[in-house]
Amino acid sequence: MADDEEEVIPKKPILVLGAGGFVGSAIAKAFVTAEDEEGWEVTGTLRAGTAKPKWITHVIEVRAVPHARRGSRVAHVRAPEPRSSRAPAGGRAAAQPVDTALLEAIKRSSVIVLDLVSEPVASEQVLQLLATLAADGGDESDAERVVIGVSTIMTWARTSPSPAEEEGGEAPPLTEEEYKRRRPHVNFRDQHTLEKLLVRSGSESVRTAVVCAGLLYGGAEELFHPLFKAAWHNQPLPLLSLNGDGANILPTLHIADLCSVVLKVAAGEGPQYLVAVDQAREQTLRKVTDAIAKHLGTGEVVPMHRDDVLLDKDVDYFQLDLRIAPTSVLDMGFTWASRSGLARGAAKVVAEYRVERRILPLKVLLTGPLAGVAGCFESEVAAALAAEYKVAHVTASSLVAAVLVEQSELADKVRAAKAADKQHTGALPDELMAQLVRAKLNSTGCTNQGWVLDGFPQTLPQLKLIAPEKESDADEEVEAEEEADEGEEETERPKPPADLTPESIIVVRMPDTQLKARVQSMSQPQVEATGMTAELLLKRMQAYAQAAAPEGPNNVLTHKALAQVEPLELAHDDASIETSLSRARIYLGRPRNYGPTAAEVAAKAERLEALRVEAEANAAKLEAERLAVRDARARAPPSAPTRGLVQPAAARRRPPPPAAAR
């Protein structure tokens, strides 16, 4: 080997069951991205049809089968097929016996991670194969193998509390040292059994460990996802409590902290059985639901009828009432993602959820000489984009009209300002207009889905009234989560203010001659509908021309937060609105939502069905006309061709000239 050629260090192999699931996928990614000199190569089991995560090297496909536990599905290992060894197009890879592929993956893996909750059948199969290897002496590896089973705190759900230290005092929380007296929920007996089997499967060459995790949250969410999704859709959240008050204690754990614990256990830290929960204090179901509603939704939580709660597939988890404290995980020395729990860390968890689900709000500012004027090109584009992306279309006129029907202090200010408008311009002072805009953009619908600002702000001072410039990047960062001291009372963090700075700018350009011609051609109904006379619109155009000057101090693009934003310029043309929308779609990207609703899918299906019926009717009509023409031709005598029909070639042939002419 040449002196300057670096030695290639082989990666350590790891087998992860359920590598496409919430737990398995996160753990696989954590190993691959861990700061390790050798690195890891992941073999993972995936449900048939599941997309392969990029951090998985080899795949063993499995098929899902129903399981007795409410709402879960488990997997049986099917014919394994590493992606790298699949047959080329037109060929067919030879299927191996079911156990063979899993056995080979076990033999070459130094770490095996079992998801005892989502993959109990496959997990037991791995334990059986390990036992077979040990009995037959078929394992030729001299290195120690680590088998980690990720379980759930539901295997402790029926555990009786520890006795109180003093008579009449409060019982202390349970700890992992008491794991031998744990009692599972009736629907989690399989996991309880698997925990016992895994602990007893240890040997000189196989080190086993159980990580019993609290109710998992974080990232794209899984267990709590229905609550997050309902909150994002601005719906009141249900309190999934059978007793109605939600006072039961929920021990939880962030998915990133679970990954940190598993990495530490793989490195040899921790006892054979450890409980991985965060340090949330008295975290009840009610507190968790309130926190999600406050930081992501409308803040409204409504009780559910007992029968409706029982229909929820995850009802067992939400009725858990368990005081249990972490011990070993506190000594592992990793950096916590969320030490203080879901309720207290909801602001950070909600931010993660938006990023992982790709549902960050769309924030667009559309400017132009006639932006915000109903019926004009700019507003047509803004309204079309808002409808397509399912976000709010925010105009000055709509905000004023909405506030004038209210009885509030802000409404009184608007009425007073309009009464003081002696020139009847219809415009409010910038400070008051900015107050209306801020109130709208801070509403739940706008903070979740987003908005298209149409016509205001048009200048830098106006934009600063809505989104003040920050002095440094540090001001934009979310404060680090503070951890409460043991004797300090835990308080919930306030909801952080929304960032009202636009992230995309669309500028509509129009030649002055075309602008003036358009304004001067406005009809009286248009003037009445917009409240803008030709004179006022010309003044507006002149003001916009000054504000939009590329190097001018009042251009909105000179805002510090927009330094890296490249605007999309659209040329105004009465015939180009579809072209403009097409370009805007490319500029803004795909919609940031959960896709079409069930009602929208049904409506689209109805439209497609109507088009199909119409097309079939048209085709039948054309076929009937064709047959009628054919029959008419067949009935017509050869010597008297029917008018309008195609004559035979002999009838169309010109007769020869007389002999004299020749």
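The values are calculated or read from the model by the stated rules, or taken from the named source; none is laboratory data. This one's a predicted model, so the numbers in the text were calculated from it and none came from an experiment. Cβ placement follows ideal geometry from the backbone for every residue including glycine, while neighbour counts extend to all protein chains displayed. These accessible areas exclude ligands, DNA and RNA; they are computed on the full protein's heavy atoms, side chains included. Shrake-Rupley method; radii C 1.70, N 1.55, O 1.52, S 1.80 Å.
So for Glu551, Glu406, what's the accessible-area order with a 1.4 Å probe, most first? Intermediate values should be presented prior to the final figure.
Working: Glu551 170, Glu406 85 Å².
Greatest to least solvent exposure: Glu551, Glu406.
Over region 198-263, what is the mean sequence separation of C-alpha contacts under 8 Å (at least six apart), divided by residue count, expressed as relative contact order in percent? Intermediate values should be presented prior to the final figure.
Numbers: 45 pairs, mean separation 24.4, N = 66.
Dividing the mean separation by the residue count of region 198-263 yields 37 percent.
For Lys12, the accessible area of its heavy atoms, probed at 1.4 Å with every protein chain present, is near 50 square angstrom. Ranked by the mean number of other Cβ atoms within 10 Å per residue, highest first, peptides 21-34, 600-613 order as 21-34, 600-613.
Which order, highest average first, do 105-117, 257-269 follow once you tally other Cβ atoms within 10 Å for each residue and take the mean per peptide? Walk me through the numbers on the way to the answer.
Values: 105-117: 22.8, 257-269: 20.7.
Peptide ranking by packing, descending: 105-117, 257-269.
From the cross-link list Lys422/Lys464; Lys418/Lys539; Lys390/Lys621; Lys29/Lys348, which pairs have alpha carbons spaced over 29 Å apart? Check vs 29 Å cut-off fails for Lys390/Lys621. Between Ala636 and Arg181, the modelled label-to-label distance comes to 10.4 nm, taking each label 7 Å out from Cα in the direction of the beta carbon.
Which FRET efficiency, nearest 0.05, do Ala171 and Lys229 yield, Cβ-Cβ r, R0 30 Å? Don't jump to the answer; show the numbers that get you there.
On the way: r = 36 Å, r/R0 = 1.21.
E between Ala171 and Lys229, to the nearest 0.05, is 0.25.
Would you mind calculating the relative contact order of region 378-431 from Cα pairs under 8 angstrom and at least 6 residues apart, reporting the percent as a whole number? 17 percent.
Given R0 = 22 Å, the distance between the Cβ atoms of Thr100 and Val121 translates into a calculated FRET efficiency of 0.80. What is the sum of charges around Leu194, taking Lys and Arg as +1, Asp and Glu as -1, for the other residues whose C-beta is under 12 Å from the C-beta of Leu194? Here the charged neighbours net out to -2.
Spin-label model, Asp307 to Arg415: label points 7 Å out along the Cα-to-beta-carbon direction sit 4.8 nm apart. Other residues with beta-carbon under 13 Å from the beta-carbon of Ala387 carry, at +1 per Lys or Arg and -1 per Asp or Glu, a net charge of -2. Could you tell me which of rounded, prolate or oblate describes region 304-378, using a ≥ b ≥ c as the square roots of the eigenvalues of the alpha-carbon gyration tensor, with rounded for a/c under 1.5 and, failing that, prolate when a/b is larger than b/c and oblate otherwise? Because a/c hits 1.5 or more and a/b fails to exceed b/c, region 304-378 counts as oblate.
Can you figure out the FRET efficiency of Ala247 with Glu609, using R₀ = 56 Å and their beta-carbon distance, to the nearest 0.05? Display every interim value, and only then the final one.
Numbers: r = 50 Å, r/R0 = 0.90.
The formula returns an efficiency of 0.65 here.
Would you please state which residues of region 382-402 a label at Ile577 would reach in this model, taking the label point 7 Å out along Cα→Cβ and a backbone N cut-off of under 20 Å? Answer for this model: 382-398.
Per-residue SASA remark: Ser443, around 40 Å² accessible (1.4 Å probe; ligands, DNA and RNA not included).
For Ile249, the accessible surface of its heavy atoms amounts to roughly 20 Å² (probe 1.4 Å, protein chains only, rounded to the nearest 10). Computed on protein heavy atoms with a 1.4 Å probe, the accessible areas place His225, His305 in the order His305, His225, largest first.
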